[in-house]
Amino acid sequence: MRILVWHVHGGWMDAFVRGPHEYLIPTTPARDGWGLGRGGRNWGTNAVEIAPEDVADAEVDLVVLQRPEELEVARELLGGRDVPVVFVEHNAPRIDVPDSLHPFRDRDDVTIAHVTHWNALMWDCGSTRTTVVEHGVVDPGPLYTGELERFGAVINEPVRRNRVVGTDLLPRFGAVAPVDVFGMGTEKLDGLGHGDLLVGLGDVKPDPMHAALAQRRAYVHANRWTSLGLSLIESMHMAMPVLVLATTDAARTVPAEAGAIGTDVEELVRASRTLLDDPDEARRRGLVAREAVLARHALPRFLADWDELLDDVRSRHRSRTGTATAGAGAAAPQGRSN
């Protein structure tokens with residue numbers, strides 16, 4: 001299958017393009033949000049950069065969208081061709097929760113694929129067909145050493161996003177051991193006045209970032225409102241113990257024995273002290289984290305779920321447009337009426 005998809009969320013895309021399809025990725029000289037292309041990622045030859053103006057003449061079997069505004073852009077690039085569409089909902093709703101109306105609510109030309117069951121629960125999608133394909137990541141391997149008496153976190157734009165990503169909570173962990181924060185915009189943490197409690201290490205490429213994270217004693221996931229952080233899932237793959245706010249869908253992925261999970265921040269801070277003082281216990285909990293995440297978020301399961309969904313969406317589109325069907329055996333996503 002040839003799939004048109006923009007490079008928007010790098011971590012998710014890193015897993016998605018590992019499938020058996022050809023992925024056409026719009027690419028412009030500016031390499032901006034509408035033309036990032038491969039973005040320097042080490043992807044296979046089936047991840048193909050394509051100039052937007054060349055999409056009209058390209059064979060495209062299906063479009064995978066990640067931003068609502070991409071729908072009209074895709075139709076323009078395709079020259080009005082009727083191509084089946086899947087919208088990936090990465091985000092938990094932020095407005096009028098729990099009565100949040102999805103921008104693609106009550107549509108018969110789009111299937112919405114939520115990345116967590118929490119998203120599916122909280123968005124009102126009306127009659128639009130929906131399904132859930134939970135995250136999968138490329139396994140970096142059990143890299144954990146925990147040799148440094150420091151904590152790690154991965155947060156893009158931690159100052160601008162502040163309470164949403166729990167930046168205001170990190171100094172409480174920093175009082176136990178310094179928190180090293182990787183991600184875009186982390187250099188601005190210096191301006192918050194927390195001294196050495198929070199250290200911004202910048203936007204580091206995945207492989208060296210994973211190696212550096214694995215040296216920290218534990219991973220801190222203080223996000224108040226997120227779908228489910230891919231960096232959290234990657235840290236668990238690395239056999240790293242995790243300290244996690246039990247918000248949105250985190251409890252579905254993180255067992256208590258993987259480190260600590262809860263909404264009592266002081267309880268999590270106490271657990272961080274335990275992990276700092278007892279490296280063997282930290283290592284034991286990290287192994288629990290890896291076992292749990294491999295059971296739910298392994299890459300093969302993610303790709304198999306996507307293959308099933310893509311086949312089903314294309315089959316239904318062919319039926320709707322009166323052409324021959326294919327892949328009729330695929331399990332169907334569920335429509336919702338609210």
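How large is the helix-only mean residue ellipticity at 222 nm for the chain, computed as the sum of -39500 (n - 2.57) over DSSP H runs with n ≥ 4, divided by its residue count, in deg cm²/dmol to the nearest 500? If you can, show how the numbers build up before the last one.
Working: 11 runs with 105 residues, N = 338.
Per the formula, -9000 deg cm²/dmol.
Which value in Å is the Kirkwood Rh of segment 14-149 over different Cα pairs? Could the numbers behind the result be given before it?
Values: mean 1/r = 0.0589 Å⁻¹.
Answer for segment 14-149: a Kirkwood hydrodynamic radius of 17.0 Å.
Taking a point 7 angstrom from the Cα of residue 78 along the C-beta vector, which residues in segment 108-122 have backbone N less than 12 Å away?
The answer is 109-111, whose backbone nitrogens lie closer than 12 Å to the label point.
Once you mark the GluC sites (Glu not before Pro) that are in a DSSP loop and have at most 12 other Cβ atoms within 10 Å, what is the longest gap between them in the chain? Show your work: numbers first, answer last.
Working: sites that count: 59, 69, 147.
Segment 148-338 is the longest.
Return the long-range amide H neighbours of residue 27 (sequence gap of 5 or more, or a different chain), with a cut-off of under 5 Å between placed amide H atoms.
50, 51
I want the antiparallel fraction of DSSP beta bridges within the chain, as a percent rounded to 5. Can you show the working numbers first?
Values: 3 of 44 bridges.
Given both bridge residues lie in the chain, the antiparallel proportion sits at roughly 5 percent.
May I ask you to give the average projected area over all directions of the convex hull of the Cα atoms of segment 118-229, in nm² rounded to one decimal? Don't skip to the end; give the middle numbers.
Working: hull surface 33.0 nm².
Taking the Cα atoms of segment 118-229, their convex hull projects to 8.2 nm² on average.
Express in nm, to one decimal, how much length is gained between residue 168 and residue 301 on full extension, taking 0.36 nm for each residue of separation and deducting their alpha carbon distance.
Numbers: separation 133, 0.36 × 133 = 47.88 nm, distance 3.52 nm.
Extending this stretch completely gives an extra 44.4 nm.
At what distance in angstrom do the alpha carbon centres of segment 74-94 and segment 142-161 lie from each other?
Distance between centres, Cα-based: 34 Å.
Going by Cα centres, segment 111-127 and segment 270-294 are how many Å apart?
Value for the Cα centre distance between the two parts: 32 Å.
Report in % the part of the accessible area of the chain that belongs to carbon and sulfur, leaving out ligands and nucleic acids; probe 1.4 Å.
On the way: 7110 of 14420 Å².
Using a 1.4 Å probe with all protein chains present, the chain comes out at 49 percent carbon and sulfur.
Over the chain, average the accessible area per residue using a 1.4 Å probe and give it in Å², no decimals. Walk me through the numbers on the way to the answer.
Numbers: 14420 Å² over 338 residues.
For the chain, the per-residue accessible area is 43 Å².
The values are calculated or read from the model by the stated rules, or taken from the named source; none is laboratory data. The structure presented is a predicted model; accordingly, all values stated were derived computationally and were not measured. In this analysis, Cβ positions are derived from the backbone assuming ideal geometry, glycine residues included, and neighbour counts consider all displayed protein chains. Each accessible area value is taken on the protein alone, full model and side chains, heavy atoms only, with ligands, DNA and RNA left out. Shrake-Rupley method; radii C 1.70, N 1.55, O 1.52, S 1.80 Å.
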